[in-house]
1. Within the bounds of the stretch 264-275, is there any residue that is at pLDDT below 90 and assigned by TED's automatic domain parsing to the domain that holds residue 224?
2. Identify the single condition in (1) closer than 25 Å to residue 105 by Cβ; (2) under 29 Å from the mean Cα position of the chain (by Cα) that residue 187 does not satisfy, given that it satisfies every other one.
3. Looking at the stretch 340-353, is at least one residue closer than 20 Å to residue 120 by Cβ and surrounded by fewer than 17 Cβ atoms within 10 Å (Cβ to Cβ)?
4. Can you tell me which residue is surrounded by the fewest Cβ atoms within 10 Å (Cβ to Cβ) among those in the stretch 221-279 that are of a type in the set (Gly, Ala, Ser) and within 25 Å of the chain's Cα centre (by Cα)?
5. Do we find that residue 200 is under 25 Å from residue 297 (Cβ atoms), touching a residue at least 12 places away in the same chain (Cβ under 8 Å), among the aliphatic types (A, V, I, L, M) and part of a loop (DSSP other than H, G, I, E, B) in this structure?
6. Of the residues 249, 165, which single one is among the aliphatic types (A, V, I, L, M) and either farther than 18 Å from residue 140 by Cβ or at pLDDT 95 or above (or both)?
7. Of all residues in the stretch 309-327, which are surrounded by 13 or more Cβ atoms within 10 Å (Cβ to Cβ) and not in a loop (DSSP other than H, G, I, E, B)?
8. Taking the stretch 203-239 as the region of interest, how many residues are in contact (Cβ under 8 Å) with a residue 24 or more places away in the chain and either farther than 21 Å from residue 281 by Cα or of a type in the set (Phe, Trp, Tyr) (or both)?
Amino acid sequence: MRKREKQNERERNHSSRNTNRHRHRRSRWRCRKKQILSTAAICMCCVLAAAIFLFREQREQREMQVSALNTHDTGSGYRDITYQGKHYRYNSLIKTVLYAGVDGTGKMEETLQYGNKARADVISLIVLDKKHKRMTILPISRDTMTEIRRYSMNGNDNGLYATHLGYAYSYGNGGKVSCENLCESVSRMFLGIPVREYVVTNQDSMPYINDLVKGITLTVPNDDLEEKYPELARGEQVTLDETNVVDFLQYRDTETDFSNEGRMERQKAYATAYIEKIREMDTGDIAELWNSLEEMDDLLQTNITKNKYLDFSEQVRESEFSEESFRTIEGEDRMGELHDEFYPDEDALLNLIIELFYDEV
């Protein structure tokens, strides 16, 4: 009996220890479960906070966007749009060429590292309308605030941000990506119309470009250069050569607010005289210009082939052109924290886009 009682007592003690062990395990699991839930709750709060931050960032970017896309229903994209109850269709006989002059010197070449490249100083969209035999040039301020695509240093796409248009080239690789990034930014400004062909040059290319047509003679349109260059006073007729063409096209007083506007006016005068000279050339001379471009191969980036070049040149010669062919993008200049900022008037820009690129249907 005693043996059986001892055996029973041992079993009871063993059972009690197992019960206590299970209770201890359940207690530890409950504590661990609380820790897991607490950690999960903290993680969820962090995710929620990050989501709120990103949402606010994106909302601020959208609020800064200056695209006319926000003002109307684009329907099936850029091809068909509806505005103020009227329907418009894109003129498919239009060709666009983006020209940009960047503020760098030396050989133009792409690198493996993205960012910190030259800024696009001069930006113009050339519109060749074969249907209406019309040529239009749209100078676009580099200070225009719009959406551009940013890349990380190793080339990852970091999405769209609202900033100065001129930086679209800077954030690329200094080559094809930079050029296409600038084209995309301009395309987004203009309802997504195709902007695929481009010509990009740098400061060192200016004398070469000028020499292609044996120099340009024009009337100085403003007095921005008079203090530093008396010979380039307003109203003076000058012939630009390798000694003064860079100053005429590039110089501006960086201490003066919105001085880029005066520089754009001089560039307009130069482009007008340059195009008029090309229109006076015969087909053989225009073809020869293509061969001459080899001398500045390291100072120029383009995806235009010789056949496209000859086609564009012929359209330039056949199209109506005058100083009125330059169209101004209306808007407001503002002082930014670091740089001047230009905000296009959305309604005026949209009306200009419809006038140049669309036909009512």
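The values are calculated or read from the model by the stated rules, or taken from the named source; none is laboratory data. Quantities reported herein were computed from a predicted structural model and do not represent experimental measurements. Note that each Cβ is placed from the backbone with ideal geometry, even for glycine, and that neighbours are counted across all protein chains shown.
1. yes
2. If we test residue 187 against (1) closer than 25 Å to residue 105 by Cβ; (2) under 29 Å from the mean Cα position of the chain (by Cα), just (1) comes out false.
3. yes
4. Selected residue: 259.
5. When the stated conditions are applied, residue 200 does not pass them.
6. Only one candidate passes the filter, namely 165.
7. 309, 310, 311, 312, 313, 314, 315, 316, 317, 318, 325, 326
8. Going through the stretch 203-239 one residue at a time, the tally reaches 10.
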